[in-house]
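Below is one structure, written out as structure tokens; the observations come after it.
All of the numbers you see were taken from the coordinates with simple rules; none came from a lab. Please read these numbers as outputs of a predicted model, since none were measured by experiment. Because the Cβ atoms are built from the backbone with ideal geometry, glycine has one as well, and the counts that use them run over all protein chains shown.
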Amino acid sequence: MWSGPRTVSTALMRAWENRQDTVVTDEPLYAFYLERTGLPHPGREEILASMSDAWPTVLAGLGQAPLPPGKRIWYVKHMTHHLLPEVDRGALAGMRHAFLIRDPRALLASYARVRDQPTLADLGLEQQAGIFRAFGGPVIDSTDLLKQPGPILRALCAALDVPFNPGMLSWPAGPRDTDGVWAPYWYDGVRASTGFGPYREKPADLPAELEPLAQRCRPFYEELHAHRITP
């Protein structure tokens with residue numbers, strides 16, 4: 001599942017992890033991304049120590065280990081901005097790909113509260129569109145998911161040819177052993193959650209200086225949005 005930041009991606013991972021037939025992996029390319037970019041993200045040293053920073057090793061390992069008894073789905077949450085240009089896209093062949101998108105103005109308005117000078121590369125929309133062009137796969141919009149979690153998850157499961165499980169609609173609060181070591185810095189909201197909760201329309205109060213970036217993002221978003229699945 002490929003998504004950018006601020007897109008309810010961790011809640012969607014919770015939904016899949018709450019299935020009895022599924023195991024999840026949280027952002028396996030994060031250490032690679034931090035090592036190559038040198039960015040000072042919270043928990044940087046913990047992240048680098050917790051996982052491989054070699055993308056060939058990471059991608060070779062996905063889908064190769066035997067699943068535990070009773071499990072038949074391996075769900076991987078990826079941030080698209082972690083997929084730096086040096087990663088061979090061919091290494092992603094043979095996997096099923098799906099995409100979680102969000103309107104760039106709303107995404108940027110949220111992201112700007114955390115980082116005040118984001119770039120196109122930080123948001124992952126260009127990379128997301130590139131993965132979609134290469135491999136295709138179902139696309140869901142985070143707004144649709146929050147408005148209609150049950151119908152959208154049913155449609156996503158149907159598109160992936162797996163049965164829908166009602167357990168995807170709610171989960172116990174609290175941390176998970178499967179959460180990345182960065183969870184204490186980013187996951188407070190989802191750790192307190194027990195489901196997707198009611199959708200609340202929020203105005204996208206975007207700083208004027210970020211409007212040009214929102215416009216650069218929009219063609220990639222609209223390309224994916226045109227393929228989004230609906231109930």
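See the values below:
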quantity: Computed P(r) (all Cα pairs; the range 139-231; 10 Å bins; percent); calculated: 13, 30, 39, 17, 1
quantity: For peptides 138-148, 170-180, sequence by mean Cβ density within 10 Å, most packed first; calculated: 138-148, 170-180
quantity: Whichever lysines have a C-alpha closer than 22 Å to that of K202, once near sequence neighbours (fewer than 8 apart) are set aside; calculated: K147
quantity: Approximate spin-label separation R200-E45, in nm, with each point projected 7 Å along Cα-to-Cβ; calculated: 3.8 nm
quantity: The chain - Debye-derived log10 I(q)/I(0), Cα point model, q = 0.07, 0.12, 0.16, 0.18 Å⁻¹; calculated: -0.21, -0.65, -1.28, -1.71
quantity: For the chain, calculated [θ]222 nm from helices alone, where every DSSP H run of n ≥ 4 adds -39500 (n - 2.57); calculated: -11000 deg cm²/dmol
quantity: Between the range 83-101 and the range 140-177, the alpha-carbon center distance in angstrom; calculated: 22 Å
quantity: Normalised contact order of the chain, rounded percent, pairs of Cα under 8 Å and 6 or more residues apart; calculated: 30 percent
quantity: Percentage relative contact order, the range 109-231, counting C-alpha pairs under 8 Å, at least six apart; calculated: 44 percent
